[in-house]
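One structure below.
The values are calculated or read from the model by the stated rules, or taken from the named source; none is laboratory data. In this text the structure is predicted, and so the values were computed from the model without any measurement. Don't worry about glycine lacking a Cβ; one is built from the backbone with ideal geometry, like all the others, and counts go over all protein chains shown. Surface accessibility is based on the protein's heavy atoms, side chains included, excluding ligands, DNA and RNA. Shrake-Rupley method; radii C 1.70, N 1.55, O 1.52, S 1.80 Å.
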Amino acid sequence: MLTAQELAAFRATQEAALPESAVIYARVATVGDSGSTAYSWPLGTETVGRLASHGAPDVYVQMARERGRTPWVVTLPTSVTVQAGDRILIGGHLLSVLGVISGGEWETALRVACIEAK
């Protein structure tokens, strides 16, 4: 079993190996007077990451295909908060997050499935 210090060291090593800068934009919903919802991504949080065009689980590959887009996987530090609907700017790509594909108490990096944002 890993100690908290060992896990922190693994996470720090993983984060140091992430080669690209990234910006996470949290989605904000605004309900208008008519009851319709509009979304915006006003504030970005800078971090590091890695962009890959492979490794997405089948469910996310299918979601991307249904939208006529290519699936992407972004690896981020575990300290980052991201959820479906958020956006990530990395490697010249503005991506929309489909979902988180990693998790657990011993994870050393956060992996998210994405598609190109429109």
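Listing for the model above:
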item	result
Residue list for segment 40-54, restricted to those being among the small types (Gly, Ala, Ser) and under 19 Å from Val74 (Cβ atoms)	Gly44, Gly49, Ala52, Ser53
Every residue from segment 1-39 that is closer than 24 Å to Pro77 by Cα and either among the aromatic types (Phe, Trp, Tyr) or in a strand (DSSP E or B) (or both)	Phe10, Glu20, Ser21, Ala22, Val23, Ile24, Tyr25, Val28
Odd one out for Val31 among (1) modelled with pLDDT under 95; (2) closer than 22 Å to Ala84 by Cβ; (3) open to solvent by less than 70 Å² (accessible area, probe 1.4 Å); (4) not aromatic (Phe, Trp, Tyr)	(3)
Segment 34-71 - residue that is farther than 15 Å from Ala113 by Cα, surrounded by 17 or more Cβ atoms within 10 Å (Cβ to Cβ) and of a type in the set (A, V, I, L, M, F, W, C) and, of those, nearest to the chain's Cα centre (by Cα)	Val48
Output for segment 81-91, where each listed residue is open to solvent by less than 50 Å² (accessible area, probe 1.4 Å) and not aliphatic (A, V, I, L, M)	Gly85, Asp86, Arg87, Gly91
Failed criterion for Val100 (all others in (1) touching a residue at least 24 places away in the same chain (Cβ under 8 Å); (2) within 30 Å of Met1 (Cβ to Cβ); (3) aliphatic (A, V, I, L, M) hold)	(1)
In segment 92-105, residue most open to solvent (accessible area, probe 1.4 Å) [restricted to those that are over 15 Å from Glu15 (Cβ atoms) and part of a loop (DSSP other than H, G, I, E, B)]	Glu105
Per-region count, segment 78-104, residues in contact with a Ser or Thr (Cβ under 6 Å, 6 or more places away or on another chain) and of a type outside the set (A, V, I, L, M)	1
